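Some notes on the structure that comes next.
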2 protein chains.
Amino acid sequence: MKQLRIPGPTPCPDEVLKAMAMQMINHRGPEFVATMNRATENLKKVFQTQNDVFILTGSGTGGLEAAAVNTMSPGDKILSVQNGVFGERFATIASAFGADVTPLKFEWGQAPDPAAIEKALAADASIKTVLVTHNETSTGVTCDLKTISKVVKNAGKLLVVDAISSLSSINLPVDEWQCDVVISGSQKGWMVPPGLVFVSVSQEAWKAYENARMPRVYWDFSRAKKSLEKGQTPWTPAVSQIFALDAALTMILDEGIENVFARHIRIGEKTRNGLKALGLKLFADEKHASNTVTSVQSSNGLDTKKVTTIMRDEYGIVLGGGQQKLDGQIFRIGHMGLVSENNIDDVLTTLKAVLPKAGFSGK
Amino acid sequence: MKQLRIPGPTPCPDEVLKAMAMQMINHRGPEFVATMNRATENLKKVFQTQNDVFILTGSGTGGLEAAAVNTMSPGDKILSVQNGVFGERFATIASAFGADVTPLKFEWGQAPDPAAIEKALAADASIKTVLVTHNETSTGVTCDLKTISKVVKNAGKLLVVDAISSLSSINLPVDEWQCDVVISGSQKGWMVPPGLVFVSVSQEAWKAYENARMPRVYWDFSRAKKSLEKGQTPWTPAVSQIFALDAALTMILDEGIENVFARHIRIGEKTRNGLKALGLKLFADEKHASNTVTSVQSSNGLDTKKVTTIMRDEYGIVLGGGQQKLDGQIFRIGHMGLVSENNIDDVLTTLKAVLPKAGFSGK
């Protein structure tokens, strides 16, 4: 049995896999409605929001597309905060649908600077919306969303947050931080296989929706809302993942979200400390290190591709590589959702044995 | 255990449910690549095509949106053949993205007339693309796609086919019938839970893609093609459903697609004959009756909502109701994918007992 330690899909608990194997039911019948309503209410607890929360069938990127097309019109000025692959992807989507996107780029591995965002907003009053990646999965950086939110909301802009790899693992109180649209994906800390994306929509986002003229049918929030009033979805949903989500949410709420967040902090720190003790160099700025994914950069002759290959093929531990310009430059360890201190001990112990075989001449 | 006899989601075989319960793997690793490539190759056999076939994560409606945005530009003239809910939905999508859609409407329950399509194409040379629903799930009608295709391709138009509830159950030789884009959904005859949609793309469709200016990122065919060259998907896919599809395709190809089609013909006929023997009135024109779903209209005092409620709550057999303007007018029996003569005998025997309780005063 392999140990999956990539930043999503994450391993699923037995209860979740059992739910995935449930026989199909009528997605327009009472049994589905009960499950859908319960899952939606429990999702809101984890989102810490009174806003609408929709369960859409698709990948996380589909949720980013949904956030864009439901709140923007072609020509809208958008500030896109970017410090990795996913910030750039969000901008690509908005641009493809005709938004006028101004990128605000920060070095990969660093967190966005709220003061720079404030300055960018002050410099261009026509900006309507700010896109932020809460947890940049490609580099392992969590931004200071609380402060960024203050800056964005003080300036009266719409705040759209990619929280695909943070929400449910890292504290993100959607209402307290006034986040207008927040997107998360089932295959991350939610411990559910990929196929669902969750989106919260604030009153202010609904106002933006009224004027948003980007074309949309499949991802349309209003259709989702109308169907949800009957406990349904506009299109046939990934029923199995909704069963699985229902089971996973029960586990998350039984553990208590504060405890889940604390566990991720504990495990994030343990991972970083363990890697440093092996003499490895962390890629992300430690002040903003993510508690769901840690990236390690090459140093002392380390061949990061060799590390992941040997770890997988000889020891059955699957780590992530670097994406795009970080390909071959870093490797990544996912530690979100179903993860314990023991899992991290396994990774660290195994790494210790593997590093010399991957060219590492450090301690 | 309920018997699910709605036109999707359909019941899944044990092998498929077992695959759904498999633990997550790396969607960028060799194990996934092998599964993805095998599933894609086997899909092509069922599509009977050498064209590209993509596995996208989403509902069937997402596949319709994908077909539109990858082949059309705003302002393009589109002929939309409509004889039910799904033909209309296809037109709604194309219109929302700016196409200039001419509807060609046929009575619900009837099949589209190829001669009328020929006439409509002759009347407006500026039409670029024709949208056709192979099997209208809302009414239980299968169109004469072979003849329609000849008409459309003789006129030199692009042919886009919604085959969501037909492909894998009803013969649709994509290459022989020159269908340019064909869409099908996992939760129908494929015996896989909802969450995947399959799309075939011909050379002519790729030519249309080159000029198509509707905005797209998530559904973009070119991104799908580029990723598939590495045995991957551009965005994290519904991995579990791909495992399940792999298992289901093995079963379909083991049975042999000709045998699968023959079984659906046999069971479709058995269903219709059995219903008529009960004195019930079929809704769809029998010459074009679908072999995946049969609709029954109210007659002799029959309360169709009462039928489905009693069948479900007292006998555990779940049937479908009518959609939109057919709500309360018809009920529907799904018989695609995992279905045997015994399943239909169960439905018919139970119906016989239930009909008098639902106001039916016929034979």
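Distance from the alpha carbon centroid of the stretch B:58-111 to that of the stretch B:158-215 works out to 14 angstrom.
Sorted from closest to farthest, the other copies place their A:Leu278 label points 6.4 nm away, with each point set 7 Å from Cα along Cα→Cβ.
So what is the relative contact order for the stretch A:15-254, in percent, with contacts set as C-alpha pairs under 8 Å and at least six apart?
31
Projecting the Cα positions of B:Ser169, B:Leu245, B:Gly156 onto the charge dipole of the stretch B:16-254 (unit charges on Cβ atoms of Lys, Arg, Asp and Glu, taken about the Cα centre) puts B:Leu245 furthest along the positive direction.
All other residues with a Cβ under 13 Å from the Cβ of B:Ser95 taken together, and with Lys, Arg as +1 and Asp, Glu as -1, what is their net charge?
-1
Would you mind calculating the relative contact order of the stretch A:142-222 from Cα pairs under 8 angstrom and at least 6 residues apart, reporting the percent as a whole number?
Working: 91 pairs, mean separation 18.5, N = 81.
Over the stretch A:142-222, the number comes to 23 percent.
If you run the Gaussian network model on chain B, springs between alpha carbon atoms under 10 Å, then out of B:Thr294, B:Thr233, B:Thr147 the most flexible one is B:Thr147. Per-residue ellipticity at 222 nm computed for the protein assembly as shown from its helices equals -13000 deg cm²/dmol, with DSSP H segments shorter than 4 residues left out and the rest contributing -39,500 (n - 2.57).
What net charge is computed for the residues neighbouring B:Val354, neighbours being all others with C-beta under 9 Å from the C-beta of B:Val354, Lys and Arg scored +1, Asp and Glu -1? Summing Lys and Arg as +1 and Asp and Glu as -1 gives +2.
Below 8 Å, C-alpha to C-alpha, sequence gap of six or more: please give me the relative contact order for the stretch A:211-363 in percent. Provide the component values of the computation, followed by the final result.
Numbers: 156 pairs, mean separation 33.0, N = 153.
Relative contact order here is 22 percent.
Each of A:Trp219, B:Trp177 was scored by other Cβ atoms within 10 Å of its Cβ. Arranged with the fewest first, they read B:Trp177, A:Trp219. The label-point distance for A:Asp346 and B:Asp327, in a model that sets each label 7 Å from Cα toward Cβ, rounds to 5.0 nm. For the stretch A:226-244 versus the stretch B:225-272, the spacing of their alpha-carbon centroids is 23 Å.
From other protein chains only, count the Cβ atoms within 10 Å of every residue's Cβ in A:21-34, then give the mean. Intermediate values should be presented prior to the final figure.
Working: counts 12, 5, 10, 18, 6, 13, 6, 5, 8, 2, 3, 1, 0, 0.
Mean shielding count: 6.
Note on A:Glu269 and A:Ala115: the model spin-label points, each 7 Å out from Cα along the C-beta direction, lie 2.8 nm apart. Between A:Thr250 and B:Glu314, the FRET efficiency from the beta-carbon distance, with R0 = 25 Å, is close to 0.25. Kirkwood analysis of the Cα pair distances in the stretch B:204-363 returns a hydrodynamic radius of 18.8 Å. Residue by residue along A:196-203, Cβ atoms of other protein chains within 10 Å of the local Cβ number 1 on average.
Note: the stretch A:74-225, Cα convex hull, 109 Å³ per residue.
For chain B, take the convex hull of the Cα atoms, compute a quarter of its surface area, and give me that in nm², please.
Working: hull surface 67.9 nm².
One quarter of the hull surface, i.e. the mean projection, equals 17.0 nm².
Return B:Thr309, A:Thr350, A:Thr71 ranked ascending by Cβ neighbour count within 10 Å, so the fewest neighbours appear first. If you can, show how the numbers build up before the last one.
Working: B:Thr309 15, A:Thr350 18, A:Thr71 28.
Fewest-to-most Cβ neighbours within 10 Å comes out as B:Thr309, A:Thr350, A:Thr71.
Annotation: the stretch A:1-99 has a Kirkwood hydrodynamic radius of 16.9 angstrom, from the mean reciprocal C-alpha pair distance.
What does the charge count near B:Thr294 come to, summing +1 for each Lys or Arg and -1 for each Asp or Glu among other residues with Cβ under 9 Å from its Cβ? Kindly include the intermediate steps, with their values, before the conclusion.
Working: positive: B:Arg272, B:Arg332; negative: none.
Summing Lys and Arg as +1 and Asp and Glu as -1 gives +2.
Rg/Rh for the protein assembly as shown to two decimals, with Rh computed the Kirkwood way over all alpha-carbon pairs. Reported Rg/Rh (Cα atoms, Kirkwood Rh): 0.99. A Förster radius of 41 Å, combined with the Cβ-Cβ distance separating A:Asp285 from A:Ala34, puts the computed FRET efficiency at roughly 0.35. All C-alpha pair distances within the stretch B:210-291, sorted into 10 Å bins from zero, spread as 14, 24, 21, 26, 14, 2 percent across the bins. Over all orientations, the stretch B:1-48 has a Cα convex hull whose mean projected area works out to 4.9 square nanometres. Per residue of peptide A:216-222, the mean number of Cβ atoms on other chains within 10 Å of the residue Cβ is 5.
FYI, it's all coordinate maths here, none of it is from the lab. All figures in this text were calculated on a predicted structure; none of them were measured in a lab. All Cβ positions, even for glycine, are placed from backbone atoms using ideal geometry, and neighbour counts span all protein chains on display.
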